[in-house]
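One structure is given here, and the rest of the page talks about it.
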Amino acid sequence: MRFQLTDDQRALRDGVRQLLARRFGPEELRAAVAAPGALDRALWRELGEAGFFALRLPEADGGVGLGLPEAVLAFEEAGRVLLPGPLVATHLAAGTVAGAATGETVVTAVDGALVEWLAEADVVRGDAAGAVPMRSLDPLTPLHRLPGREKAGRWWEGARPSGPGEGVRPSGAGEAGGGTDPVAVLLTAAEQLGTAARVCELAVQHARAREQFGRPVGAFQAVQHLCADMLVRAETARAAVYAAAVTADPVDIAAARLLADEAAVRGTRDCLQVHGGMGFTWESEVHLHLKRAWTRSHRGGGVTESEELLAADLTAGTG
Amino acid sequence: MDLSYTPEEEDFRARLREWLAKVLPGLPPKPAPDDWPGRRAYDLGWQRMLYDAGYAGLHWPVDAGGRGASPTQHLIFLEETERAGAPYVGAGFVGLLHAGPTIAAEGTPGQRARWLPPILRGEEVWCQGFSEPEAGSDLASLRTRAWRDGDDYVVSGSKIWTSHAEVADWCELLVRTDPGAPKHRGITWLAMPMDAPGVTVRPLRTLAGPAEFAEVFLDEVRVPVAHRVGEENDGWRVTMVTLSFERGTAFVGEVVACRRLLGELARAARRNGHWDDPVLRRRLGRLNAEFRALWRLTQWNVSEAERGRGVPGVGGSVFKLRYSHARQELYDAAADVLGAAALDLDSPWVLDRLSSLSYTIAAGTSQIQRNIVAERILGLPKGR
C-alpha cells in the first residue's frame, strides 16, 4: 500500500501551483474581483494548453491520459487560489464538447436550480431555458437560477427521471442513478479541500504576525486551538478526498464531499475569526474564500444527498 | 496514491484470516469486566496462541524476538483480528506496545533477554507508572523520588491511572532522580517488580463502574540499579523514543470496530423504526463519512511511516483529536437509537459509552493535542 503522492504526482501538483501563482496571483485576483462576471479567456486557453481540462482524456484522444487522483490534485490547487470559471463542467466536457479540452470552449452545466457562468459560457449542458440572472453572493462566480428546479435530479428520490433537466446533466464516468455525476462531486470536494488548506495557512500567517497585548495572537491558546481544528478538519478531508480519487466509489466520494465541505466552510469562518475585524473587511481575501466555499457547497451532491447516500450504505451490508 | 496491497500482503492477510477462522471458535468465554485475574488469564492465553502461531510481536524488530513486519502488515493484522472478533491486546497492552518496544530500543542485551521473551510468550504483564496526581498531561512535572543506596534505587511517591496494576508483574516507572535539574532532565526509567515490598495498589472506581484503573503507592521500594533502562536522568528521552512509536497504528482496531458498531446501529434503527427519522438517519450517514475518513487517515499515516520518514508523530495528534470526539458522537447517536436501553447498564453499549468519555482525556487531553498541533505542526509561537 503506497497511499502517498508519487514523485510524478508531486511534480504535477507543483507545476499547477507554479502556473497558477504566475497567472492568477493576488493582483489578478484583485482585478477579477474589480471586474466581476468577466472570464479571462487567455488564462482559460493557458489552462487548456497545460492540460488542466484534458487531464483524464486518453492520450490517443489528445489528452494527458492521467486519472482521478491527478485531477483531484489539480482542482485542489485551483481551489487554493480561488481560480474562477466553470472548471468542473469544462473538465467533464473534455472529449465530448469540441474545444473544451484545449480551453478554446468554455462549458458550463445546469446543476439543480443554478448555473454558474452562463453568460460567459460557449456551451451549456442541460436545459437552461428560463434561467434568470441573480446577484451572486460570490463576486467571482456569476450565477443564474432556474425557478421551479430546486429539487430536480436528487438521487434519493429514486432512480426515475425527475425533471426536465434529466439526462442532460454533465456526463462523466460513473453516472449513478440518474443523479449528479460523482466525478463532479469529487472535483468540487477537491476544490473545497484546497480552500480548507489555504485558509488554514492564511490564519497561521496572520496569527504569527499580528501582535496584541505585546505578543503574537498565535501565542494565545484560544487562537491556537482554532488553527489546530482547522488543520485537523483539512487533513481528515484530505485523506477522504485522496482515497475517493483512488477508489472512485460513490460512497467514498460522498464522504469526501461531506468532510471537504465542512473543512472549507468551517475553516474559512475560523480564518475570519482569527483575522478579527480585518477579516470582516472587503480588502481581506478571507470573505472571498468563504463565499466561494458556500457557493460550492450548493452544488449537486451536497450535504443532504451525501448523508443519505452514506446512510443507505450502512444498511446495504457493506458499511 | 495507491490503496491496493501487494501479493505478499494479500497472502499475509489470507493466511491470518484462515488461522483466525480456525482458532477463534475454540476460545474460552470472555471473563466479566470486573474479573481482573480472569481477564489476565484470558489475555495472556490469547497472547500465547499468537506466539505459537508466529504472530507475537509482529511489528517488533527481529533481533528483539519480533517478526519485523512492515507497518502495512501490522495494519492488516489489526484490521483482520478486529474484523474477526478476536480478543483485544488487553492486559498485554503496555508490555507489547510500550514497555517492550522501549526495552528493545534502549535496553542492554541482558535486559532484553530478561524481559522481552515473557512479554511475547504471554507470561508477564506490565503496567505504566507515568501519571501522578499532580502530573497528568504535564507529565514532566512528576515528583515520585528515587535516590541511590548502594546497588538499589529507593523509590517513594505515588502513581495514578495505572491500568492493570492489580494483575501486573512489572511496572515501567518514571522517577525523579535529580530534583535540582530542569524538569525534563532529572527523570529516570526503571522496571519495578510489582511484588516488591512497599508497593501498595488501590483500585480506583471510575464513572464506568468496575475498577478500570488503580493508584499505586510507593513507600521506600527498592529497585536494583540493574533495572534501569537507559542512563540515569535520561528517562524522558528514553520514554519519548517510544511514546509516539505507535501513533500510526494505535487506533486501527478501534476504527474498524467503530465501522462495525455503526453498521449494527443502523440495523437496530431499521428494526425499531428510528431509521424513518431523517435527522437521525443522516446523522448516522455523517458518522459513516467520519469513520471512513478516519480509516483513510490511518492508511495515510501508516503509508507515510512506511516511506521511512521515521516516527509518525504528525499524524498522531491530528488523528487522536478527530477520533476521540467521533467515537463519543457515535455513542451519543447510539443513545438516540436505543431509547430506553441507553440507560440500562446491562446493555453492552452503555458501558462503552461511559468508557468513551475518557478518550478526550487519556494520553493527552484534546486541549493538549491542540497545543501540540498548533505549536509543533503549524509552528505557532509557544503559548501558555
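Bear in mind these aren't lab numbers, they're just calculated from the coordinates by the rules spelled out. None of these values were measured; they are calculated from a predicted model. As a convention, Cβ positions derive from the backbone with ideal geometry for all residues, glycine included, and neighbour counts pool all protein chains shown.
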Return the long-range amide H neighbours of B:Glu132 (sequence gap of 5 or more, or a different chain), with a cut-off of under 5 Å between placed amide H atoms.
-> B:Ile160
Shape of segment B:186-251, Cα gyration tensor, a/c cut at 1.5 = oblate
Protection proxy (average C-beta count within 10 Å per residue), highest first, orders B:103-111, A:284-292 as A:284-292, B:103-111
Work out from phi, with θ = phi - 60° and the Karplus expression 6.51 cos²θ - 1.76 cosθ + 1.60, the ³J(HN,Hα) of each residue of segment B:164-169, listed in order in whole Hz, and give x for Gly and Pro.
-> 6, 4, 5, 10, 7, 8
With +1 on each Lys and Arg Cβ and -1 on each Asp and Glu Cβ, how big is the dipole of segment B:71-221 about its Cα centre, in debye rounded to the nearest 20?
-> 280 debye
Farthest toward the dipole's positive end in the protein assembly as shown, which of B:Val255, A:Ala100, B:Leu207, given Cβ charges of +1 (Lys, Arg) and -1 (Asp, Glu) about the Cα centre?
-> B:Leu207
Sequence-distant or interchain residues sharing an amide H contact under 5 Å with B:Cys171, placed H: which?
-> B:Cys127, B:Met192, B:Met194
In terms of Cα to Cα distance under 25 Å, which lysines are near enough to B:Lys30, apart from those fewer than 8 places away along the same chain?
-> B:Lys22
Pick out which of A:Gly302, A:Gly277, A:Gly194 has the largest mean-square fluctuation in a Gaussian network model of chain A, springs linking Cα atoms closer than 10 Å.
-> A:Gly277
What does the charge dipole of segment A:80-146 about its Cα centre add up to, to the nearest 20 debye, if the Cβ of each Lys and Arg holds +1 and the Cβ of each Asp and Glu holds -1?
-> 160 debye
Could you pull out every residue, at least 5 positions away or on a different chain, whose amide H is within less than 5 Å of the one on B:Asp152? Hs are placed 1.01 Å off N in the peptide plane, and Pro or chain starts have none.
-> B:Val225
Under the rule rounded for a/c under 1.5, else prolate if a/b exceeds b/c, else oblate, using alpha carbon gyration tensor axes a ≥ b ≥ c, the protein assembly as shown is classed as prolate
Shielding by partners, peptide A:247-258 (average Cβ within 10 angstrom, other chains) | 3
Computed ³J(HN,Hα) along segment B:322-327: with the Karplus parameters 6.51/-1.76/1.60, θ = phi - 60°, integer Hz and x for glycine or proline, the list is 6, 5, 5, 6, 4, 5
Just A:Val123, A:Val110, A:Val185 to compare: in a GNM of chain A, with alpha carbon springs under 10 Å, which one fluctuates most?
-> A:Val123
Among all the lysines, which ones have a C-alpha under 27 Å from A:Lys291's C-alpha, if same-chain residues fewer than 8 places away are not counted?
-> A:Lys151
³J(HN,Hα) computed for each position of segment A:103-118 - Karplus, 6.51 cos²θ - 1.76 cosθ + 1.60, integer Hz, glycine/proline x | x, 6, 10, 9, 10, 10, 9, 6, 10, x, 9, 10, 9, 8, 6, 4
Which value at 222 nm does chain B reach when only helices count, each DSSP H run of 4 or more adding -39,500 (n - 2.57), with the total divided by all residues and rounded to the nearest 500 deg cm²/dmol?
-> -14500 deg cm²/dmol
Taking a ≥ b ≥ c as the square roots of the eigenvalues of the Cα gyration tensor, with a/c under 1.5 meaning rounded and otherwise prolate when a/b exceeds b/c and oblate if not, chain A is rounded
Which one of B:Leu265, A:Val223, B:Leu294 is farthest out on the positive end of the charge dipole of the protein assembly as shown, using unit charges on Cβ (Lys, Arg +1; Asp, Glu -1) and the Cα centre as origin?
-> A:Val223
Which value, in debye to the nearest 20, describes the size of the charge dipole of the protein assembly as shown about its Cα centre when Lys and Arg Cβ atoms bear +1, Asp and Glu Cβ atoms bear -1, and nothing else is charged?
-> 940 debye
Is any helix in chain A, taking whole DSSP H runs, at least 30 angstrom long along its axis by alpha carbon and on average at least -1.0 on the Kyte-Doolittle scale, and which ones?
-> A:182-209, A:221-247, A:250-275
Please give the helix B:252-272 orientation as an angle from the longest Cα principal axis of chain B, in degrees from 0 to 90, rounded to the nearest 10.
-> 30 degrees
Within the set B:Pro118, B:Pro182, B:Pro193, GNM on chain B using Cα springs under 10 Å gives the largest fluctuation to B:Pro182
